[in-house]
Amino acid sequence: IFLCGDAAQQVSSKHQNLKQSGIDIPSARSKKLSLNYRNSRDVLKAAYHVLLENLSEEMISGRDFDILDPSYANFNGPTPLIMSESSIQKEIACALTFLKQQLEYEKNKGIKACLVICGYTLHELSSFAAKLKIPLLDGNRNLDEDSLFISDLENIKGFEFHTVCIVNCSKNILPYIGSPEKERFRDLSRLYVAMTRAQKQLVLSYHN
């Protein structure tokens, strides 16, 4: 039996308990694969720190919960950045400039980059992405189509990029002020997932 997953990335109400499922495997007959091949040590350390600083009882109660230790990442990368601007418009403009510069600098290496915009639905972002002529990660997108993409906080899951910029990480957006208190851990999980989509370069941005 091979089980693959990360409890910190769980955003839906699911419960996992192997023993209650009738599967009781002695520790001597099981092995946990912990080495992280996707993220640089620096990216994983940043995501791990954000997660640990904001953990709640709702995230860890009643289920197996194991977060990958950042020391398991097997390579280093640039230090993740936290940027501040006066408005979301300036956040997006700066992020797009940065991402395009990254792609131009690494143009012979075939790298991919993604701009993640928090606080907006996929429907709201669709017209914005179309206006910019940048593909939107909508569940039907092939990464071979382009090198730069736009996504909401949720649909970046399952992908990986050389560089990820996450904008609008502002108060009342993360966690969303309209969410019930016990549901706010889902926003933390989504942010953690989005941060760990970056293989080497990660930028977080907020305004006001």
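The values are calculated or read from the model by the stated rules, or taken from the named source; none is laboratory data. The model shown is predicted, which means the values in this text are computed figures rather than measured ones. Glycine also receives a Cβ, built like all others from the backbone with ideal geometry; neighbour counts cover every protein chain displayed. Only protein heavy atoms, including side chains, enter the accessible area calculation; ligands, DNA and RNA are left aside. Shrake-Rupley method; radii C 1.70, N 1.55, O 1.52, S 1.80 Å.
Name the long-range amide H neighbours of Leu81: under 5 Å, sequence gap of 5 or more, or other chain; modelled H, no Pro or chain starts.
Leu202, Val203, Leu204
Convert each backbone phi in the stretch 87-93 into a coupling constant with the Karplus relation 6.51 cos²θ - 1.76 cosθ + 1.60 (shift: θ = phi - 60°), then list the ³J(HN,Hα) values in order as whole Hz, x for Gly and Pro.
7, 5, 4, 6, 4, 5, 4
FRET efficiency for Leu81 and Lys107, Cβ-Cβ distance as r, R0 = 22 Å, nearest 0.05?
Values: r = 22 Å, r/R0 = 0.98.
The pair Leu81/Lys107 has a calculated efficiency of 0.55.
Work through the residues other than Glu106 whose Cβ is under 13 Å from its Cβ and net out their charges, Lys, Arg +1 and Asp, Glu -1. Don't skip to the answer; put the middle values down first.
Values: positive: Lys100, Lys107, Lys109, Lys112, Lys200; negative: Glu104.
Net charge around Glu106: +4.
Which value, in nm² and rounded to one decimal, describes the direction-averaged projected area of the C-alpha convex hull of the stretch 76-120?
On the way: hull surface 16.5 nm².
Over every viewing direction, the Cα hull of the stretch 76-120 projects on average to 4.1 nm².
I want to verify a result. In a Gaussian network model of the chain, Cα cutoff 10 Å, which of these has the top mean-square fluctuation: Asn108, Asn36, Asn74?
Looking only at Asn108, Asn36, Asn74, the biggest GNM fluctuation is shown by Asn108.
What span do the alpha-carbon atoms of the chain cover on each of the three principal axes, reported in whole Å from largest to smallest?
54, 42, 31 Å, listed from the longest principal axis down.
Could you work out the relative contact order of the chain? I mean the mean sequence separation of Cα pairs under 8 Å and 6+ apart, divided by the number of residues, in percent. Write out the running numbers ahead of the final one.
Numbers: 332 pairs, mean separation 62.6, N = 208.
Taking the mean separation of contacting Cα pairs over the length of the chain, I get 30 percent.
So, for the chain, what is the accessible surface per residue at a probe of 1.4 Å, expressed in square angstrom?
Values: 12540 Å² over 208 residues.
For the chain, the solvent-accessible area averages 60 Å² per residue.
Helix-only mean residue ellipticity at 222 nm, the chain, DSSP H runs n ≥ 4 weighted -39,500 (n - 2.57), per residue, nearest 500. What is it?
Details: 5 runs with 57 residues, N = 208.
The per-residue figure over the chain is -8500 deg cm²/dmol.
Cut-off 10 angstrom, C-alpha nodes, Gaussian network model of the chain. Which of Ile156, Ile25, Ile173 fluctuates the most?
Of Ile156, Ile25, Ile173, the most mobile in the Gaussian network model is Ile25.
If R₀ is 35 angstrom, what is the calculated FRET efficiency for the pair Lys133 and Lys31, using the beta carbon separation as r and rounding to 0.05? Walk me through the numbers before you get to the answer.
On the way: r = 47 Å, r/R0 = 1.35.
For Lys133 and Lys31, the calculated efficiency is 0.15.
How about the stretch 99-208: which trypsin sites (Lys or Arg not before Pro) there are in a DSSP loop, with at most 14 other Cβ atoms within 10 Å of their Cβ? Please list the in-between numbers first.
Numbers: sites: Lys100, Lys107, Lys109, Lys112, Lys131, Lys133, Arg141, Lys157, Lys171, Lys182, Arg184, Arg186, Arg190, Arg197, Lys200; in loops: Lys112, Lys133, Arg141, Lys157, Lys171, Arg184, Arg197.
Of the trypsin sites (Lys or Arg not before Pro), the ones in loops of the stretch 99-208 whose Cβ has at most 14 other Cβ atoms within 10 Å are Lys133, Lys171.
Ile173's amide H: which non-local residues (gap 5+, or another chain) put their own amide H closer than 5 Å, with H modeled 1.01 Å from N in plane and none for Pro or chain starts?
So Ile173 has HN proximity to no qualifying residue.
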